Structures are given as C-alpha cells and as structure tokens.
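Read through the structure below, which is laid out as structure tokens, and then see the notes.
The values are calculated or read from the model by the stated rules, or taken from the named source; none is laboratory data. Everything quoted here is computed from the prediction, not taken from an experiment. No Cβ is skipped: glycine too gets one built from the backbone with ideal geometry, and neighbour counts run over all protein chains shown. Accessible surface is based on the protein model in full, side chains and every heavy atom, while ligands, DNA and RNA are left aside. Shrake-Rupley method; radii C 1.70, N 1.55, O 1.52, S 1.80 Å.
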Amino acid sequence: MMTDQNGRSLIPPPWQFGPWNQFSDNQKEETIVTRARKMLFDQDIPFSLCIEPLHFFPSGVDPGIAPTRKKDHEELSDIGIKSVGYFNPMMALIWNGTYEMAARNNYLLKTRTGEPYNYTYLGYPEVSQLDFTNPAAVTWYQSQLEYAIGMGFRGWMQDYGEYTPPDSVSFDGTDGLEMHNKFVLMYQNTTYDLLTRKYPSSEPDKYAPDFVVYVRSGYTGSQRYTWSHWTGDPTSDWSYSSGLPAQIVASLTVGLSGMPYSGSDIGGFVWYLTPPPTEELWCRWAEVGCFSGTMHEQGSGKGFGEKTHIFDTPEGTRIWRKYAKLRTQLFPYLYNTAHEAYQTGLPIMRHHLLDFPNDTQAISQNFQYMFGPSFLVAPVIEDGRRGWDVYLPEGETWIDVSSQLKYDEKSGRFLLGFTNYTQGGRVVRVHAPLDVVPMFVRAGTMVPVLDPRVMTLSDATDQKVITMKRLQHLLHLWIWPTEDGFAQLEFYDRSWWSMYHVIYAKHWEIIFNDMTPNRTSILQVSAPWTETVSVVTTPTGHVYTKAASLDRLLSDDAPEGWIVDRTQRTLWIRVVPPNSSDGILYIQTSNSTGFG
C-alpha cells in the first residue's frame, strides 16, 4: 500500500470524532458559551468541538480580546468542549509593523529581483506568503501558533498552502514551480513539529497530540504531518461539480491517497449562484457528515443573502440531533477503525475499490462507500428523493440497517431491527425519508458503541456533563450474526467477542474477553431466530433473569438479564460482572434447530 512508503497519520484525539459545531452564523444574540450550554443541557445535542473563525492570519488579532477568549475557552473546557481557530500562511501588508518585520528578516517568499512577493487575496489588497525554508520563519510562525494555544485554542483550521507563485523564489533558492508541492509539506510540518515536540501524547509514535488541526491542501506524504482533512469550500447546492455529491468523491479520493480522516463543510460555504441551503440540503449533508471522517458543521460562508441554518427549523434540529447522537455513540467503532488506519493506512471512508477490487460494478460506484470495515453507506444526494438505489457488492451477505433502525427521540437510543439477509451482487431500492440514510451492514458484524447519554468525547469538570469517561463502565454491542449464527469483534485494547451456533448443543454461544475490568456490556442481537429465545445461562449454571421490560433492563441498577423485542426481532442481553467473569453465555431457543 502507498502508505507503507509515504507514512501514515497518527491516531487523532478522541474528541476529533465527535460532532463539530460552528457558532458564527446569524444567531448572534447568544454568546458561544451560552449556545454551547444550550445545546448540551437544553436540547440534549452532543458535540465535542467548537469552531471559532478567529483569523490569526493574515493580519493578526486584537491583543485586547485575549483575556475574554481565554475565559470563554476555560468555560467551554469545563463542559467538555474544545475550541479551534484559524491560521493560513499569508501575511497582509496592512499588518502594521509585523509585515515590515517579516520582510526585513527574510520570512517571506521573494520575487526574482529580491522583493517580497505580493499577490491579492480575498478582501486584502496585497499579501505575501511565509517562507518555511527559512528556519527563522518557521520558529516565528510557531510562536504565533503558541500564542493561540495560550489563548486556550486546542487546534485550528490550517487553511490554504496551495497558492505558491510559480515565479517566486524561496530563502533556500528553490524556485516557485518546484516549491509548489514542497511548500504544503513544509507548512504542515511546521505545525506538526511544534505539537509533537512540545505537546506529545503518552505514545508519541502512535497517538497525535491533544490538538485538532484540519487542512485542505496536501501532497504525497501529507498524512505524516496531519490527522484531519476537509474538502475545501463547497457550494451550498446539490451540484455534482462542487456541491454535496462532489464532497463524497473528494473524501473517497483523498482516502485512496493515504489520508484517512476527511470530511466536508456541512451546509456548504458558497451560495452566490444559488439560494442559501435549504432545510433538505442541510439534513442530507448532516447525514453525509455523520458517516464521514469528521462531522463538521459549517455555520458561516459567503453568498447573496444571509445563510440559513439547520437549527432554523424544528425538523432540522431534530435530524441534526439524531445524527449527532449516532455519531457520538459510534465512537468506539470509529476509534477501532482509527487504530486500523494506523496499522494499514485504510481510511474511514473507503471507496469500494479497497474492499471489492474484483467487483467491477462496485468499483464504478462513486457515491456509496464503506464506512469503516462493516457499514455500507449510500447517502441520498439529490433533492426531493425519498427512495434510493444501493448496489450491494458481491461475495457478501448484507443486512439492511437503515430501514429497521428505530430511533427513540426521548433517550437518543437506537434499536436494531431485522428483516432478512440479502446476497450481494444486486441493486436494491431503499425507502429513504428525509431523516434516513440508506445503510447496510456485513452479516457477521459486531459494532461497539457508547451509551446514548454521552454528551461529549472530551473530559469535563462540570458534573452535569455526562462524558465518555464517566460512562466507561458501560459498553454497548450491536450484533448482526450471519445466517449460521457467527459474528466477531476484535477491539484495539485486545478485548474480543465471538458468537457462533453450536448445532449439537442446540444453542448459541457468545464468548468474550473484556480487557476493561468491571465493565457492563449491553448487547443487541439482531437476527431472525431471536423470537424463539427461551433462556440465557452461563456454563456454571447461572441463569439470567428475563427482564420485565426493556426500560428495566437498561436501568443503571439492573442486574444481568435479557429480553426480546419481538417488534424489532432483537434480543437484548445485559452482562454484568462478576457473573460475566467466565466470559461465556449460552443462548437457548425453543426451536429444536435454533432457527425460527
């Protein structure tokens, strides 16, 4: 694989995988902290990262805002929210005193006559570009990053990097044409060097520092210096050239190029030629975001008229909450996939070429993909559509997840459901109302998920915040066994679970080795035979109690037990230490063969 030669990304901090929200849209009557608290506590919408478009470059920031921003970030940190700002490699001539200092010290790219190379950038009459071949310029730029860190930022958008003028000259004598691709690597390495050197993780060769820096430019080997990518500034429309569909292609392409964590601006960024994004576009884009490398809401942008927002309507807010809940609950699966990316280079969003290289029809699909090793996701990317065709690659047995996945609005919990097994090598039509993403899972899959009460993937000091760490004693497993009853999961912490059908004993067995001491597991087994379950026991003869209700089984003080949801055709089992210490469960059915 290409990453064997060009390197791989470090494993990002956990909070990168939670929903990102940007509080810079037209809802300006509330402070950042007030809106964050409202989302977490009043609306029960989980998120982990707050995007603040405070631009440190190209013209600096007012030093007077530092105390206020630092206080805001401390308050956000208290409730488990990290903040990221904005950097780029340009320096405006209007940055009084600083531009002159940079020019005087040769920190800027130059013309062939030795003057700073200036060009037009957005609303700035002229800017120059930092020259990272000058070690002194690198040190100075890193000091600006440190200034943001001191203000409480835990990362930033690292914008641009692709604008090196071809006729410029670098400090080391390299001409701009040759420097065009090299510049990106040097720019990104400047940040990487600072963070890994001064803020290393406990395992610096494996895990990234506790920062999220997301980039849009790149070149061969960029993944060595980065662990988050976004697809640039998309148009807020359905166009296949630069709108929602194009972002799927972009993320799949960058994944094939060795960068495993890619997402897009949910809602788009530009609406000059089209109206601002509709509620339907916002919702469909949120669904794509949930099943991307990052779930990155874009609250701002540029166009004619004010930008709309997904939170403008009750339905938009409801759908965002649903997928923010799902995204947060899927964290253990995503983190497991991140460890796989570190070992193999495989991205989270996988073009079918990576999983089904011999299936020509699968390879021709550019808008559906594998989300990690288990889920096939086929987002609806056309306006007004409520049905969607999905190609199921050959050589696999698939289970329709989305049509049977029941979402409980009150708790934010997802309940699995089962209809049938479908053999691959065919196209199927999926009913896809506005709040449904067509999604299938490989039969034989076990997916680890978090409890639905988790509000953030970061730590918090506010006791009202339910963090991932606070509920680390709970692990949920979603299980879709094969037709002959097999499923398995190997977890990055060396925990493992296996399920299989013991024909001679006329029961199913679930065998597991959980490396987290005293952890309770809550299993959902979705299969056609669950309605015939009669008893759950252990090899030592301990009999699990059949729960009076699902609510009782899920209550925090509940003992081990089980119940069948006959409507969803799903078996629920609560496995509680110490009665789970032998690591084996027997599931007996009333049917003589076990298949109902």
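Odds and ends about this structure:
- Counted charge near H55, where neighbours are those whose Cβ lies closer than 12 Å (Asp, Glu -1; Lys, Arg +1): -3
- Cα-derived Rg over Rh, computed across region 422-568 with Rh taken as Kirkwood radius: 0.98
- Helix 314-329 and the longest principal axis of the C-alpha atoms of the chain enclose an angle of approximately 80°.
- Antiparallel DSSP beta bridges within the chain, percent to nearest 5: 65
- Calculated FRET efficiency for the pair S498/T344, C-beta based, R₀ 22 Å, to 0.05: 0.50
- Stretch gain in nm, segment D484-N513, where the contour uses 0.36 nm per residue and the Cα spacing is subtracted: 8.2 nm
- Dimensions (Å) - region 360-492, Cα atoms, principal axes, largest first: 51, 39, 26
- Linear extension gain, T317 paired with E409, 0.36 nm per residue minus alpha-carbon span: 31.9 nm
- Expressed as a whole percent, the accessible area of the chain that falls on carbon and sulfur atoms is 51 (1.4 Å probe).
- Kirkwood-type hydrodynamic radius, region 22-103: 14.4 Å, calculated from all non-identical alpha-carbon pairs.
- The modelled label-to-label distance for the pair D582/T397, using points 7 Å beyond Cα in the direction of Cβ, is 2.9 nm.
- In this rough spin-label picture, where each label sits 7 Å from Cα along the Cβ direction, the I94-L353 distance is 4.4 nm.
- Sites K71 and Q463 - FRET efficiency at Förster radius 22 Å, r taken between beta-carbons, to 0.05: 0.60
- Along its three principal directions, the equivalent ellipsoid of region 37-191 from the Cα gyration tensor extends over semi-axes of 34, 16, 13 Å, largest first.
- Working ranking of peptides 521-534, 311-324, 286-299, 115-128 by packing, defined as the average number of other Cβ atoms within 10 Å per residue, highest first, is 286-299, 521-534, 311-324, 115-128.
- Qualifying chymotrypsin sites (Phe, Trp or Tyr not before Pro) in region 167-276, where qualification requires a DSSP coil assignment and no more than 12 other C-beta atoms within 10 Å, comprise Y272.
- Computed FRET value (nearest 0.05) for S300 with S590, which takes r as the C-beta separation and R₀ as 51 Å: 0.30
- Between helix 135-150 and the chain there is an angle of about 50 degrees, using the helix long axis and the longest principal axis of the Cα atoms.
- Percentage, to the nearest whole number, of Cα pairs in region 364-440 over 20 Å apart: 31
- When you filter the trypsin sites (Lys or Arg not before Pro) in region 1-103 for DSSP loop state and at most 12 other Cβ atoms inside 10 Å of their Cβ, you are left with K28.
- Qualifying lysines (Cα of each under 27 Å from Cα of K464; at least 8 residues distant if same chain): K28, K38, K70, K71, K82, K322, K325, K410
- Ellipsoid equivalent to region 200-297 - semi-axes via the Cα gyration tensor, in Å: 28, 14, 11
- Solvent-accessible area per residue, Å², over region 200-240 with all protein chains present [probe radius 1.4 Å]: 36
- Annotation: amide H of D237 within the under-5 Å range of L244, sequence separation 5 or more or interchain, hydrogens built in the peptide plane.
- 5 Å-binned pair-distance histogram of region 74-142 (Cα, whole percent): 3, 15, 22, 20, 12, 7, 8, 7, 3, 1, 0
- Geometric descriptor of region 310-401, per residue, is 129 Å³ (volume of the convex hull of the Cα atoms).
- Structural descriptor for the chain: relative contact order 12 percent, calculated from alpha carbon pairs under 8 angstrom and at least 6 residues apart.
- Helix 244-256 and the longest principal axis of the C-alpha atoms of the chain enclose an angle of approximately 90°.
- Stokes-Einstein D in µm²/s, Kirkwood radius over Cα pairs - region 312-351 at 20 °C with 1.002 mPa s viscosity: 182
- Amide H partners (placed H, <5 Å) of S402, local residues excluded: M439
- Size descriptor, Kirkwood hydrodynamic radius, that averages inverse alpha-carbon separations across region 489-557, Å: 14.3
- Accessible surface comparison of K302, K206, probe 1.4 Å, protein chains only, largest first: the order is K302, K206.
- Accessible surface, per residue, of region 357-511 when the full set of protein chains is kept, probe 1.4 Å, Å²: 41
- Residue-level accessible surface for R569, protein heavy atoms, 1.4 Å, Å²: 60
- With contributions of -39500 (n - 2.57) from each DSSP H run of at least four residues, the per-residue ellipticity at 222 nm computed over the chain stands at -7000 deg cm²/dmol.
- Computed over the chain, the ratio Rg/Rh where both radii use C-alpha atoms and Rh is Kirkwood: 1.00
- Looking at region 2-89, the GluC sites (Glu not before Pro) that sit in a DSSP loop and have at most 11 other Cβ atoms within 10 Å of their own Cβ are E29.
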